[in-house]
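Please treat every number below as a calculation from the coordinates, not as lab data. Keep in mind the model is a prediction, meaning the values are calculated, not measured. Here the Cβ is made from the backbone with ideal geometry for all residues, glycine too, and neighbour counts use every protein chain on show.
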Amino acid sequence: MNVRIIPRMDIKGPNLVKGINLEGLRVLGKPEYFATVYYEKGADELLYMDAVASLYGRNSLLHIVEKTAADIFIPLTVGGGLRTIDDIRAALRAGADKVAINTAAVHNPNLIREASLKFGSSTIVVSIDAVQRSADSYEVCTDYGRECTGLDAVEWACRACELGAGEILLTAVRREGTGTGYDLTLTRRIAEALPIPVIACGGAGRTEDVIRVIREGKADAVCAASIFHYHEASAVACGKADFSDEGNVTFLKTGKVPSGIKPVDLRDLKRTLEAGDIACRMCA
Amino acid sequence: MSENGQESRTAVSAAIVDYGLGNLFSVSRACGHAGMSPVITSSADDILAADIVFLPGVGAFGDAMDALRRADLVKPLLDYAQSGKPLVGICLGLQLLMSESREFGVHDGLGLIEGPVVRFDNPREGDRALKVPQVGWNRISPPAGGPDWSGTLLDTTGNGEYMYFVHSYHACPASPSTILAISRYGDREFCSAVRSDNVYAFQFHPEKSGPAGLEIYRSAAKLAAGLIEQSSKRNITIESCQQLSAD
């Protein structure tokens, strides 16, 4: 089995952004640039998340997807603020191969069933944001970790699977953007409980974290953002493009990578995995 | 204008069969990228008139066959397959070409290739049970002792190339000569592409398999364009023979 490495791109307006615990979003550049670079470097899939749609109920991501889908021929998953069958159809029409649904699925679990019957299970990724509550319990939250649901993460993952989810995108919200490593316990629990693939997300600070979530967390696929984005962003001459009035441009101005993040080239990361006997797709 | 006219004569028209299941846009984009003129259609006329037909599909086998029957597309597809023009099945589209599937009971398929479609039988890797569906990248190779890929849609594909798969079931062609490619999922070897004359099918998604997948679409465009050229040459020959005998 080949593990999949998936750069996660959080989008706010026209920009690729990255925060810590899904907050304090910093502008890193234009998503089209990053998407092309990751495609060329052998990303196995790409994940686009609209960083604000779930809060404000708007959806500004689809034209970015449309632009990238024309030249990128690996699976694209789109999430953030998709609430209805029509939203899902619009995302697929714009060029998504899969959609990630989160808040809407929690509020209306039947959406998972309806969407998987309509578009096929393999198209429907259920995104679960989890927060640790005790040594062995995790709670599902929505709206980027702001709203608690009272649902147990493992139970909800099993339910989503029964309803027809094709994959689970599992984010440990408290790890997100911190570089402190994936939540291995959470990932392993859900990956071992489910017959469908689990994509681990949240916490990658260095290559070793990715290796651990595959070996110890039993992740079927791994999402990472900061480690890849900061590598590519430092490769771009900062301060050239005009990003004024586009939010928090600290990184663009200073080029300062957050502490805890050790950027890595996607290709080098895959070489390291292969050298460690973790099978993954290598690109020529 | 005459230039446009010439272009439209030589452009390959690709019909992507729409029977209400699955996401056809990525297939359409890949066709366009490879220089074909794609149309997503559920019309029998469009299918029969096309230079190449793609049969995609996701979901359950039984539902897909029911949908093809409801849309009155079974006969047009079988008629098209007789035409000698390329028919390309993708993912569930491969499985539909087989004679039957054992997904939730036994269902008849289109029967263009003999053999059943079966579920992955508890694939394992070392002491670890692998997940079904298989979701992700896997290598494809020519079957040992089987036909090689020269002159096929995999002509430019390297042995061991990675392609993107999403499936729980796979075809078991009765005749080894119809197996175009094989792959391994853990300890299980399975058929990942089939071919019988002008009928091709891939269990993976070439349109989601990066540059290597796009090469397959380019080969398909080339094959279809070659057939158009051949048939127009044949027409010219027939016309000139008729001319000669009239003289």
Placing +1 on each Lys and Arg Cβ and -1 on each Asp and Glu Cβ in chain A, then taking the dipole about the Cα centre, the residue among A:Ala279, A:Ser122, A:Leu170 whose Cα reaches farthest towards the positive end is A:Ala279
GNM, chain A, Cα, under 10 Å: largest mean-square fluctuation among A:Asp44, A:Asp209, A:Asp87?
A:Asp87
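Of the beta bridges DSSP finds with both residues in segment A:4-275, what % are antiparallel, to the nearest 5? Could the numbers behind the result be given before it?
On the way: 15 of 46 bridges.
Roughly 35 percent of the beta bridges in segment A:4-275 run antiparallel, per DSSP.
Calculate for the protein assembly as shown the 222 nm mean residue ellipticity that helices alone would give, adding -39,500 (n - 2.57) per DSSP H run of length 4 or more and normalising by residue count, nearest 500 deg cm²/dmol.
Numbers: 19 runs with 188 residues, N = 531.
About -10500 deg cm²/dmol.
Would you mind computing the Rg to Rh ratio of segment A:97-157 from its alpha-carbon coordinates, Kirkwood style for Rh?
1.01
Measure up A:Lys18/A:Lys256; A:Lys67/B:Lys222; A:Lys41/A:Lys270; A:Lys12/A:Lys67 against 19 Å on the Cα-Cα distance and list the ones that go over. Don't skip to the answer; put the middle values down first.
On the way: A:Lys18/A:Lys256 13 Å; A:Lys67/B:Lys222 27 Å; A:Lys41/A:Lys270 10 Å; A:Lys12/A:Lys67 16 Å.
As for pairs spanning more than 19 Å Cα to Cα, those are A:Lys67/B:Lys222.
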Cross-link reach from A:Lys262 to aspartates and glutamates, straight Cα distance under 14 Å and at least 8 residues apart if same chain, gives A:Glu208, A:Asp209, A:Glu232
Using a Förster distance of 30 Å, the FRET efficiency for A:Tyr33-B:Leu214 (Cβ separation, nearest 0.05)
0.90
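Using alpha-carbon pairs under 8 Å, 6+ residues apart, how would you state the relative contact order of segment B:2-246 in percent? Before the final figure, lay out the partial values.
Working: 502 pairs, mean separation 46.4, N = 245.
For segment B:2-246, the relative contact order is 19 percent.
Determine the gain in length on full extension of the stretch B:Ser150-B:Asp197; use 0.36 nm per residue of separation and subtract their C-alpha separation, reporting nm with one decimal. Mind showing how you got there, number by number?
Working: separation 47, 0.36 × 47 = 16.92 nm, distance 1.37 nm.
Residue separation times 0.36 nm, minus the Cα-Cα distance, leaves 15.6 nm.
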Counting only other chains, what is the mean number of Cβ atoms within 10 angstrom of the Cβ of each residue in peptide B:124-137?
5
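For B:Ala174 and B:Arg124, what is the calculated FRET efficiency with R₀ set at 30 Å and r taken between the beta-carbons, to the nearest 0.05? Display every interim value, and only then the final one.
Working: r = 26 Å, r/R0 = 0.88.
The pair B:Ala174/B:Arg124 has a calculated efficiency of 0.70.
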Hits among aspartates and glutamates - C-alpha to C-alpha of B:Lys85 under 14 Å, sequence gap 8 or more where chains match
B:Asp46, B:Asp51, B:Asp197, B:Glu229
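First obtain the Kirkwood hydrodynamic radius of segment A:4-275 from its Cα pairs, then insert it into the Stokes-Einstein equation at 20 °C and 1.002 mPa s, and state the resulting D in µm² per second as a whole number. Please report the intermediate quantities before stating the final value.
On the way: Rh = 18.3 Å.
Estimated diffusion coefficient is 117 µm²/s.
Computed from the mean reciprocal separation of all distinct C-alpha pairs, what Kirkwood hydrodynamic radius does segment B:144-205 have, in Å? Could you put the intermediate results ahead of the total?
On the way: mean 1/r = 0.0819 Å⁻¹.
Evaluated over segment B:144-205, this radius sits at 12.2 Å.
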Calculate, for A:Asn21 and B:Lys222, the FRET efficiency according to 1/(1 + (r/R0)^6) with r their C-beta to C-beta distance and R0 51 Å; round to the nearest 0.05.
0.50
Taking the Cα-to-Cβ direction at B:Asp187 and at B:Asp72 and moving 7 Å from each Cα, how far apart do the two end points lie in nm?
5.2 nm
Ranked by GNM mean-square fluctuation in chain A (Cα springs under 10 Å), the top entry among A:Cys161, A:Cys148, A:Cys201 is A:Cys148
Fluctuation leader among B:Phe25, B:Phe61, B:Phe202 - chain B, Gaussian network, Cα springs under 10 angstrom:
B:Phe25
Expressed in µm² per second, the diffusion coefficient of the protein assembly as shown from the Stokes-Einstein equation, with Rh the Kirkwood radius over alpha carbon pairs, at 20 °C and 1.002 mPa s, is 89 µm²/s
What is the extension gain from A:Leu117 to A:Glu162, computed as 0.36 nm multiplied by their sequence separation minus the C-alpha to C-alpha distance, in nm to one decimal?
15.0 nm
Can you give me the pair-distance distribution of segment B:2-246, C-alpha pairs, 5 Å bins, whole percents?
1, 6, 14, 18, 19, 16, 11, 6, 4, 2, 1, 1, 0, 0, 0, 0
At 7 Å along Cα-to-Cβ for each site, give me the label-to-label distance between A:Cys283 and A:Ser259 in nm.
3.4 nm
Relative to the present Cα-Cα distance, how much length would full extension add between B:Glu229 and B:Val106 at 0.36 nm per residue of separation?
40.1 nm
